[in-house]
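Single-structure report; data block below.
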Amino acid sequence: MQTASIFSFHGGIHPAENKAQSLQLPLGRPSLPSELILPLGQHIGQSSRPLVKVGDSVLKGDAIAINNGFLSSFLHAPTSGTVSAIEERLIAHPSGLSDLCIILTPDGKDTWTTLEPLNNWQDISKTDVLAYLSEMGIIGMGGAGFPTQVKLQGAHKNPLTHFIINAAECEPYITADDMLIREKTLELVLGIEILQHLVEAENVVIGIEDNKPTAIAALKTVLTQRNSNIQVAVVPTKYPSGGEKQLIQLLTGKEVPSGQYPADIGILCQNVGTCVAVHDAIKLGRPLISRFTTLTGDALNASQNVEVLLGTPISHLLDYADANPNALHRLIMGGPMMGYTIDSPLVPIVKTSNCILAASKKELPTPAPEQACIRCGMCEQACPASLLPQQLLWFSKSQEFEKAEHHNLFDCIECGACSYVCPSSIPLVQYYRHTKSSIREAREANVKSDLAKQRFEARKARQDAEAAEKEAKRLARQKAAPSKTTDAKKATPAKAAPAVAEPASDDSKKLKVDIAIGKSKLKKLQKQLLEAQEKEHVEDINSLQLQVSDQEKTVASLEAQLANVAQAAPAAEATPAPANDELKKAKIDVALIGVKLKKLQKQLDESPDDQELKDKVAGFEADLKAAQAILATLGASAPVASAPKAAANDDLKKLKIDAAIAKAAVKKVEKALKKAEEINAPEIDAIRQQLQDAQQRADELEKALANPEAATQTAETTTAKAESVADSANADAAKKRKIDLAIAKAGIKKAEKNIQLLKDQGKDESEINASEWPKKLIEAQEKLATLESEQPTPATAKTETKAVPAEAQAAADMDLATQIKKEKIAVALAKAQINKLNKRLENSPEDTNSIRQEIDAAEKRLQSAEALLEKLIHSQTNMQENR
Amino acid sequence: MLTVLLAIGMLVLLSLVFGAILGYANVRFHVEGDPIVDQIDALLPQTQCGQCGHPGCRPYAEAIANGEAINHCPPGGQSTIQALADLLDVEAVPLDGDHGTETAKRVAVIREDECIGCTKCIQACPVDAILGAAKQMHTVIADECTGCDLCVEPCPVDCIDMVEVGVTAKTWSWDKPQGIAATSLNIIATDRQAEVVH
């Protein structure tokens, strides 16, 4: 044993020690309380995570909470019993707030769990020993409760010159460490030896104040007996020599630089309590479940030190120390200088509670009111951290946080020496604490706002990237669309041979999606129709009804396509199961259409004059028959396994693309129509006409889409060569037809545009009629009509030759239906025109003649359209009867 | 005469030289972007809530740099207004009530039983603090939530609550002392004259 040299630190004070009171009685051991309250956050850093559930029985020393992250610790059951709750309880904290606690009800047996001491601590790696210490829940028992293993790990950064054991215990009243050294001298020395083994410092020094002669003597005896090289440095009594940085300065003469840790200058400091806990953990296998605490103050009749189980409520200790409730003025956790007032005696003892001070009014009077600073400078003289307390006070009062930081506010150890000496009774430490927490809050807010900004910007970048990608894809699609069709054409003969069933299923998927979309559109339209009926907008009703029936047809045709495609696919795969599925589906379709038909017929019964309804019923009947036909073919073809139809699929794709384009056009026109309706523009009729045209085109294309499918399907039995020839011929014809159609349509559009232009220019109808455009328009329309009537012929012819009458009929039906629709539209339009002209006739009697002429012309048109319509309907019914 | 000409000539020469130096420095040390906007943006709370009428904090920072009032940010509150006033050397004004009132810090909490998984709140969240997928329950990452309220309105089933973040023992901070008490001003006898008069 050697004696160490002693240095000095700036400032410090000499308050009344008041240590004798609690040393009168020997160490006490209070009885078990009725419940133990174990806060999960007993230390600096993250709260522990509970390992037990309510109702679990635990033995003394069982781990009940596990560390939650790096700066966290374990928690153990201080006695055996059951976990009665895990809930928020008041904790020993200056805020007086509650925190999550494990409540343990002791069973009174105090049964230890199996203890496993770490006997081979000298042989195993230091990391393992540190991990073991962590599992034993050992944290610094001097002040803040820094997890010991973290501190020891940090000490490995630099080679240690000094390992200092803090036994100074400078704060008045507290004698817990003094008593611990007296009671557990050997354990303390053994603990220091274990820690020295872990940290391997050059010098090991126990720093102890000269007001503990008994403890010093006991230490010296043991150290001499063990022939230890641990030094005992007796330092003069001065507050706050027990502060880590101050003790280091006292014993080494080195100052810990601002913002750094002792480990950075090669020094490690540990409290005596921690050393004893380390000994107990390694040599006895006991986790940290109890500690030495001083119970003192004038309000206690039996001031003493106690070895108390963690979690013991303070009220239990006050009873044990025979507290006088009348004398009790303030209850302080910790010492009078650095402790804090606790409002409730129900708070528990935690790992860092070294003293309970039950002070009387005389002992700790209410602080005198704060007065103005007189700039006496005594605080500066007292500050052990060599700060400028007065400056810090100004900055704190005026919220100049930046300046306070510049004056090293964070080096303040909150020892309270400045407040103690202040003649104006300014609670300086309270100001510093407030400023420190404000700065910390601001820093946290800053970190959070930076994070939020980062996330916001990341999100924005991601959204922009997504938008750009979408745009790029759209452009790529636009470019690819025309080239793809030609590609498909080229590939047709080549692809005819290889058996690829995939596209078929893909197509069916796509079709299903299309059907779903079509159905939802149908629903929407029906809703609109209902609304219109309620509001009695006659024109709207007409057009909407037409749209609805269109949409119904579209859905039906799509379903038919789906059936076809699906039929092709299972055939290729030569598995009867999917075919059965298709059969089922077709049956469902039939049932569905049947139901719809019934519904419509009911409606028809209610209003037998409704022509639209009648038409619809007729359309549905046709649909139903088509579906039944599909069902029949499916039933026939299901067991037949035949060659795949890749070529057909390519054609299909092409047609589909065209159909999609046509649909898009329909949508566009619909939008325009809506807009026009909104502003009640006069060109509504024209736009409606356009819309119908576009829809018709879409329908045609879909039909065309269905036809090649039918063709390919029926061609299954023929050779691949013949089929491809037929297909290409078919495709050529279709192409030519399409071009003609397109030309006719362009002509219509042009005419309409010009008419519109004339209208816009303010010319009235008669002038417009006088011009050549209406004539051209009608011509173009006629041409279109003829083209459209021609259109299905090749397909029909082909299908007929292939002897599949059901499908041919279905196609013809559909075609008829379209024509009927078209004529209906013409009729409706003509009617509307007549109405309009009649109105004008009433309003402007001057040009009666010209208007009359127009009316006549319109009526003629109406009659011819109606005649045509009748004919068409007649032929449709004929066809149905023939079947 | 010569002296006058010489003086003028010298001045012209000097101005040319310094002009060249300044011109070079302007190009050489050119600052990209507007640094004042960055400074303002750093003071704003970055909740991205849009209560100021701008789509995010940075647009508001830009607007402030262009002369908009500094009191349109309720989440920042008076402290942000003070900081902005200090930075821009203008007078600190009270918060403009039209843009909302300063509230305690809040986070969004989804009542998860009621969530239908529509993803609307996910799309609304400016800081991606909501986790979930279509038709799956969503949840808020409390640590990342800025309490901007933007997710509350789009929720079709109104299952998002804004919950105040209470003070815990870990987030608690010391109160500021009351300062020099009124009573302590009267400890000098001459200060009590007013009372003596009665």
> When residues of the range A:422-434 are filtered for being at the interface with another protein chain (Cβ under 8 Å from one of its Cβ atoms) and either free of Cβ contacts under 8 Å to residues at least 24 places away in the same chain or assigned to a helix (DSSP H, G or I) (or both), how many remain?
Replying inline: 4
> If you scan the range B:111-139, which residues turn out to be on the phi > 0 side of the Ramachandran plot and touching a His at 6+ places or on another chain (Cβ under 7 Å)?
Replying inline: B:GLY117, B:GLY132
>> Which of the numbered conditions does B:GLY132 fail, given that it passes all the others? Conditions: (1) touching a Cys at 6+ places or on another chain (Cβ under 7 Å); (2) more than 14 Å from chain A (Cβ to nearest Cβ); (3) buried (at least 17 other Cβ atoms within 10 Å of the Cβ).
In response: (1)
> When the residues of the range A:199-230 are filtered to those that are open to solvent by 20 Å² or more (accessible area, probe 1.4 Å) and within 27 Å of A:ASN158 (Cβ to Cβ), which remaining residue is farthest from the chain's Cα centre (by Cα)?
Replying inline: A:ASN229
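Scan the range A:394-418 for residues that are on the phi < 0 side of the Ramachandran plot and out of contact with any helix residue (DSSP H, G or I) (no Cβ under 6 Å at 6 or more places or on another chain) and jot them down. Working first, answer last.
Of all residues in the range A:394-418, those on the phi < 0 side of the Ramachandran plot come to A:394-398, A:400-407, A:409-413, A:415, A:417-418.
Passing the criteria: A:TRP394, A:LYS397, A:SER398, A:GLU400, A:GLU402, A:GLU405, A:HIS406, A:PHE410, A:ASP411, A:ILE413, A:CYS415.
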>> Which of the numbered conditions does A:THR293 fail, given that it passes all the others? Conditions: (1) in contact with a strand residue (DSSP E or B) (Cβ under 7 Å, 6 or more places away or on another chain); (2) on the phi > 0 side of the Ramachandran plot.
In response: (2)
> How many residues does the range A:404-421 contain that are in a helix (DSSP H, G or I) and either open to solvent by less than 60 Å² (accessible area, probe 1.4 Å) or within 13 Å of chain B (Cβ to nearest Cβ) (or both)?
Replying inline: 7
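Only one of these is open to solvent by 80 Å² or more (accessible area, probe 1.4 Å), away from chain B (no Cβ under 14 Å) and either modelled with pLDDT under 70 or touching a helix residue (DSSP H, G or I) at 6+ places or on another chain (Cβ under 9 Å) (or both): A:LYS527, A:LYS512, A:LYS521. Name it.
A:LYS512
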> Looking only at residues in the range B:151-183 that are touching a residue at least 12 places away in the same chain (Cβ under 8 Å) and of a type in the set (Val, Ile, Thr), which one is farthest from the other protein chains (Cβ to nearest Cβ)?
Replying inline: B:VAL157
> Restricting attention to the range A:303-338, which residues are open to solvent by 20 Å² or more (accessible area, probe 1.4 Å) and in a loop (DSSP other than H, G, I, E, B)?
Replying inline: A:ASP322, A:ASN324, A:PRO325, A:ASN326, A:ALA327, A:LEU328, A:HIS329, A:PRO336, A:MET337, A:MET338
>> Condition check: in the same structural domain as A:ALA233 (by TED's automatic domain parsing) and crowded, with 23+ Cβ neighbours inside 10 Å. Does A:ILE194 satisfy that?
In response: no
>> Looking at the range B:95-129 only, could you name the residues that are among the basic types (Lys, Arg) and within 14 Å of chain A (Cβ to nearest Cβ)?
In response: B:LYS105, B:ARG106
>> If A:ASN68 meets every condition in (1) part of a loop (DSSP other than H, G, I, E, B); (2) within 14 Å of chain B (Cβ to nearest Cβ); (3) in contact (Cβ under 8 Å) with a residue 24 or more places away in the chain; (4) not small (Gly, Ala, Ser) apart from one, which number is that one?
In response: (3)
> Would you pick out the residues in the range A:239-268 that are open to solvent by 50 Å² or more (accessible area, probe 1.4 Å) and more than 51 Å from the chain's Cα centre (by Cα)?
Replying inline: A:LYS254
> Of the residues A:SER84, A:SER98, A:SER72, A:SER57, which single one is crowded, with 19+ Cβ neighbours inside 10 Å and polar (S, T, N, Q)?
Replying inline: A:SER72
> For the range A:26-51, what are the residues that are open to solvent by 30 Å² or more (accessible area, probe 1.4 Å), touching a strand residue (DSSP E or B) at 6+ places or on another chain (Cβ under 7 Å) and of a type in the set (A, V, I, L, M)?
Replying inline: A:LEU32, A:LEU51
> So how many residues does the range B:25-49 have that are open to solvent by 30 Å² or more (accessible area, probe 1.4 Å) and either more than 10 Å from chain A (Cβ to nearest Cβ) or not small (Gly, Ala, Ser) (or both)?
Replying inline: 16
> Could we say that B:PRO154 is open to solvent by less than 50 Å² (accessible area, probe 1.4 Å), over 23 Å from the mean Cα position of the chain (by Cα) and of a type outside the set (Lys, Arg) here?
Replying inline: yes
>> Six or more apart or on different chains, Cβ atoms under 6 Å: show the pairs whose first residue is in the range A:442-461 and of a type outside the set (D, E, K, R) and whose second is not in a helix (DSSP H, G or I).
In response: A:SER449/B:PRO45; A:SER449/B:GLN46; A:ALA452/B:GLN46; A:ALA452/B:VAL127; A:ALA452/B:THR146; A:PHE456/B:GLN48; A:PHE456/B:PRO126; A:PHE456/B:VAL127
> Residue check: is A:LEU32 outside the structural domain of A:CYS379 (by TED's automatic domain parsing) and under 14 Å from A:LEU317 (Cβ atoms)?
Replying inline: yes
> Somewhere in the range B:163-170, is a residue under 23 Å from the mean Cα position of the chain (by Cα), at pLDDT 90 or above and surrounded by 16 or more Cβ atoms within 10 Å (Cβ to Cβ)?
Replying inline: no
> Within the range A:435-456, how many residues are open to solvent by 90 Å² or more (accessible area, probe 1.4 Å) and more than 8 Å from chain B (Cβ to nearest Cβ)?
Replying inline: 4
> Taking the range A:425-481, which residues are closer than 28 Å to B:CYS57 by Cα and aromatic (Phe, Trp, Tyr)?
Replying inline: A:PHE456
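The values are calculated or read from the model by the stated rules, or taken from the named source; none is laboratory data. This structure is a prediction, so every number in the text was calculated from the model and none was measured. All Cβ positions, even for glycine, are placed from backbone atoms using ideal geometry, and neighbour counts span all protein chains on display. Surface areas here come from the heavy atoms of the whole protein model, side chains and all, with no ligands, DNA or RNA. Shrake-Rupley method; radii C 1.70, N 1.55, O 1.52, S 1.80 Å.
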